Amino acid sequence: MLTPKMKSRIKSALSAEKATVHVGKEGATAQVIVEVAKQLEAREMIKAKILKTALQEEEAKNIAAKIAEQTEAELVEVRGHTFLLFKRKKKQ
């Protein structure tokens, strides 16, 4: 569970960065899930953007929640077409 302070730090850390994952018109496909999982493994937090064509069938919150659930990440924020995900790295 993320505290409000942690959410604030994640938002400020990713605010200037560009989205590293783009969800296409197909929505949350297996390829998108794998890519998100890979990036979360590498750097704990990512910024993703949903293309407008994907939003014709589903809302951004639903797509982001589905991706977060399947990657076992926490959804930090959904703003417009962009969402932030956080997943704590596993200790080795």
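Here are some notes:
- Among the candidates GLU44, GLU74, GLU59, GLU69, the residue that is exposed (fewer than 15 other Cβ atoms within 10 Å of the Cβ), within 18 Å of LEU2 (Cα to Cα) and modelled with pLDDT of 90 or more is uniquely GLU69.
- Lone unmet requirement of (1) assigned to a loop (DSSP other than H, G, I, E, B); (2) under 11 Å from the mean Cα position of the chain (by Cα) for GLU69: (1)
- Single match in THR29, THR20 (criterion: surrounded by fewer than 17 Cβ atoms within 10 Å (Cβ to Cβ) and within 10 Å of the chain's Cα centre (by Cα)): THR20
- Scoring MET1 on the criteria (1) in contact with a strand residue (DSSP E or B) (Cβ under 9 Å, 6 or more places away or on another chain); (2) exposed (fewer than 12 other Cβ atoms within 10 Å of the Cβ); (3) assigned to a helix (DSSP H, G or I) leaves a single failure, condition (3).
The values are calculated or read from the model by the stated rules, or taken from the named source; none is laboratory data. These figures come from a predicted structure and were not determined experimentally. Ideal geometry is used to build each Cβ from the backbone, glycine not excepted, and the neighbour counts take in all protein chains shown.
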